[in-house]
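Visitor: I am attaching a structure below and will ask some questions about it afterwards.
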Amino acid sequence: MSAKPDPKPSPDDPPPAKSGKRKKLMLLALPILLLGGGAGLWFSGILPKMLGMQHEELHREAAKPAVPIYVDMPDIVANLNSDPKRPSYLKLQSRLEVSKAEDVEKVKQAMPRLLDLFQTYLREMRPEELRGSAGTYRLREELIARANVAVLPAKVTDILFTQMLIQ
């Protein structure tokens, strides 16, 4: 068997096409250019306006000051979880803040359940847990969560402590 040697390219032949590199470059560059253009349009605010995603209505609604409505809670006296030789007590006067006037009646109807949930939670607290502003903040957050469970269709937005005595 005789092997034929490869013919050498003549100077008249065209150079081989470099289409493989060009295709790879187009496949990488085109998505990058599209993403860059889209990001530029998005962050400049042009694309959200074109898509109808304007937040003006939310800003107007948030700008209206809501008139808070308060519901007075009965005084709560609870013995805290402390040393049995020296018992500690907590006296708490508070008000619940609701956002809608319709919720006031729902809160008043759920008052026995609210008092039960608050008393149960307060009896498990230790006096050390109520010290300082961090303790008061944690107490407020826990009572708001329990109040929202008790008055479920309604929503309690805040609890204001008018008096808190620990003995």
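The values are calculated or read from the model by the stated rules, or taken from the named source; none is laboratory data. Being a predicted model, the structure only gives us computed values, none of them experimental. Don't worry about glycine lacking a Cβ; one is built from the backbone with ideal geometry, like all the others, and counts go over all protein chains shown.
Visitor: Output the number of residues of segment 135-167 satisfying the condition of being exposed (fewer than 14 other Cβ atoms within 10 Å of the Cβ), over 23 Å from P87 (Cα atoms) and modelled with pLDDT under 90.
Guide: Of the residues in segment 135-167, 2 are exposed (fewer than 14 other Cβ atoms within 10 Å of the Cβ), over 23 Å from P87 (Cα atoms) and modelled with pLDDT under 90.
Visitor: I would also like to ask the following. Suppose the filter is surrounded by 13 or more Cβ atoms within 10 Å (Cβ to Cβ) and of a type in the set (F, W, Y); does Y121 pass it? First the steps, then the outcome.
Guide: Numbers: surrounded by 13 or more Cβ atoms within 10 Å (Cβ to Cβ): yes; of a type in the set (F, W, Y): yes.
Answer is yes for this residue.
Visitor: Give the residue that is nearest to V67 (Cα to Cα), with candidates limited to residues of segment 130-167 that are touching a Lys or Arg at 6+ places or on another chain (Cβ under 7 Å) and assigned to a helix (DSSP H, G or I).
Guide: Filtering first and then ranking leaves N148.
Visitor: Sticking with this one: Is it fair to say G132 is at positive phi, at pLDDT below 90 and assigned by TED's automatic domain parsing to the domain that holds A39? Write out each step before concluding.
Guide: Working: at positive phi: yes; at pLDDT below 90: yes; assigned by TED's automatic domain parsing to the domain that holds A39: no.
Criteria not met by G132.
Visitor: Every residue in segment 73-101 that is in contact with a Phe, Trp or Tyr (Cβ under 8 Å, 6 or more places away or on another chain) and over 16 Å from N148 (Cα atoms), please.
Guide: Those that are in contact with a Phe, Trp or Tyr (Cβ under 8 Å, 6 or more places away or on another chain) and over 16 Å from N148 (Cα atoms): I76, V77, A78, N79, L80, L92, Q93.
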